[in-house]
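What follows is a short report on a single structure.
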Amino acid sequence: MYIKEIDLQNFRNYSMQKVKLDKGINIFYGDNAQGKTNLLEAIFLCSIGKSFRTNRDRELINFNNDYSNIEISFEKKDRCGKINLRIDDKKRFLVNNVPVKKTSEIIGNIYIVLFTPDDINILKNGPSKRRRFLDIMISQLRPKYIYSLNQYNRIISQRNAYLKQIRFSDVNNNLLDIWDENLSIYGEKIHNYREEFIKKITNKINYIHGNITNKNEKIDIQYIYNFKDKKDFLDKLKYNRKLDIKTGITNAGIQREDFNVSINGKKLNLYGSQGQHRTVVLSLKISELEIIKEELEEKPILLLDDFMSELDFKRRFNLLNLMKDNQVIITCTDKEAFSKQDIKPKYFYVNNGIIK
Ligand SMILES: Nc1ncnc2c1ncn2[C@@H]1O[C@H](COP(=O)(O)OP(=O)(O)O)[C@@H](O)[C@H]1O
Ligand SMILES: [Mg+2]
């Protein structure tokens, strides 16, 4: 699939801006703080429903205005489509002029894979970035996933509120059985999807990482979980009940899951060099890309935010080669970085919220 046109109104540092994209490679270049990442953010919003940079919608609206509109027209194999987003006090999406009830329902219209320099934190920081990586990939491919995840999160916040109530007043804790039952139903679903996708990544990443490192590094990914299935989860919740009441939070569940990466049998987060982190992130993202390509009838759109500057010539070349059948949207400060590659991109110059 590909995006034909993007129309921004009062979005970040843009006031009125239309951009017609090429089916192939599009390069947005310009100095820092001109609006390159803002453009990718607009695309990401219309694809995933949320920004990759902020949870506060107000930040997305231009400083001098109180609303913002985004319109993205795209073409798929057999049809055209259009997403509209209006942000004011709320965020409202239209798909082909039809309002979307829940933000999460927007997912599955525009397929994307995002590469950003911040991806290095997927493996460096705590587990929340890794869960987010899985969540974004899986929700694009399994529409039911995001529904289960939202249900799970809703139940767990109710359960946690109830745990605190029990702690402070001596109310009966029988109601917990009901929360636990509901939690375990959605928890099992999410766990199964994550298990499926960690397996898919494992199958892909060995070959990909071997290629990038000239077969010097063997990579392993290990899923870290605290229950195997619904019954196991219920048992853990029962076992933890006293602890849960004492701490006022739910101590077992998918909100504690994670995955570990090892290189040649050594844990990356403990022993990995900066360079190794970078290559593993690249392997991980390429695995995501390959899985999405395989699962979908449509080719996803690739968003590369200042990502190429981190790679040497050979890796840049290989990556672009992998992406040659997709629409690619690249941001960079130096457009010459691509001049030696065997590609014919469409160039856009971004300067202070104006694209030429
Ligand atoms: N809500 C907003 N209204 C106006 N300008 C904004 C808003 N949010 C961010 N900006 C401006 O956008 C610029 C950053 O844009 P960005 O796309 O991240 O830059 P880059 O071209 O380096 O990727 C900064 O100048 C920032 O002040
Ligand atoms: Mg940027």
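Things worth noting here:
- Members of the stretch 310-323 that are free of Cβ contacts under 8 Å to residues at least 24 places away in the same chain and either of a type outside the set (S, T, N, Q) or within 25 Å of PHE63 (Cβ to Cβ) (or both): ASP312, LYS314
- When each of PHE52, PHE44, PHE115, PHE63 is tested for being more than 15 Å from ligand 2 (Cβ to nearest atom) and either not β-branched (Val, Ile, Thr) or not assigned by TED's automatic domain parsing to the domain that holds LEU270 (or both), the lone residue that passes is PHE63.
- Taking the stretch 192-223 as the range and being part of a helix (DSSP H, G or I), over 10 Å from SER283 (Cα atoms) and more than 20 Å from the chain's Cα centre (by Cα) as the test, only ASN203 passes.
- Just one of the listed residues (SER68, SER51, SER73, SER15) is touching a Lys or Arg at 6+ places or on another chain (Cβ under 8 Å) and within 14 Å of ligand 1 (Cβ to nearest atom), namely SER68.
- Residues that are within 22 Å of LEU39 (Cα to Cα) and hydroxyl-bearing (Ser, Thr, Tyr) within the stretch 280-328 comprise just one, SER309.
- Checked against (1) within 15 Å of HIS209 (Cα to Cα); (2) surrounded by 14 or more Cβ atoms within 10 Å (Cβ to Cβ), GLY275 passes all but a single condition, namely (2).
- Among residues of the stretch 166-187, those that are assigned to a helix (DSSP H, G or I) and either touching a Pro at 6+ places or on another chain (Cβ under 9 Å) or without any contact (Cβ under 8 Å) to a residue 40 or more places away in the chain (or both), counted: 6
- Per the listing LEU40, LEU60, LEU45, the residue uniquely crowded, with 21+ Cβ neighbours inside 10 Å, more than 9 Å from ligand 1 (Cβ to nearest atom) and at negative phi is LEU45.
- ASP7 vs. criteria outside any strand (DSSP E or B) and either surrounded by fewer than 17 Cβ atoms within 10 Å (Cβ to Cβ) or more than 12 Å from ligand 1 (Cβ to nearest atom) (or both): no
- Taking the criterion of being touching a residue at least 24 places away in the same chain (Cβ under 8 Å) and under 30 Å from the mean Cα position of the chain (by Cα), the residues of the stretch 232-253 that qualify are PHE233, LEU234, LEU237, GLY248, ILE249, THR250, ALA252, GLY253.
- Condition met for ILE219 (within 25 Å of LEU149 (Cα to Cα) and either loosely packed, with under 13 Cβ neighbours inside 10 Å or at pLDDT 95 or above (or both)): no
- Looking only at the stretch 269-324, residues that are assigned to a helix (DSSP H, G or I) and within 16 Å of ligand 2 (Cβ to nearest atom) come to 3 in all.
- Close pairs from the stretch 137-165: first small (Gly, Ala, Ser), partner part of a loop (DSSP other than H, G, I, E, B), Cβ under 7 Å, at least 6 apart: SER139/ILE107
- Taking residues in the stretch 335-356 that are under 18 Å from GLY24 (Cα atoms), and partners anywhere that are of a type in the set (Gly, Ala, Ser) and surrounded by 11 or more Cβ atoms within 10 Å (Cβ to Cβ), the pairs with Cβ atoms closer than 6 Å and at least 6 places apart or on different chains are TYR349/GLY30.
- Residue within the stretch 106-116 that is in contact with a helix residue (DSSP H, G or I) (Cβ under 9 Å, 6 or more places away or on another chain), at pLDDT below 95 and within 13 Å of ligand 1 (Cβ to nearest atom) present: yes
- If you go through the stretch 2-35 and pick out every residue that is touching a Leu at 6+ places or on another chain (Cβ under 9 Å) and on the phi < 0 side of the Ramachandran plot, you end up with 15.
The values are calculated or read from the model by the stated rules, or taken from the named source; none is laboratory data. Computed from a predicted model, the values in this text were never measured in an experiment. When we count neighbours, we look across all protein chains shown, and the Cβ atoms used for this are built from the backbone with ideal geometry, even at glycine.
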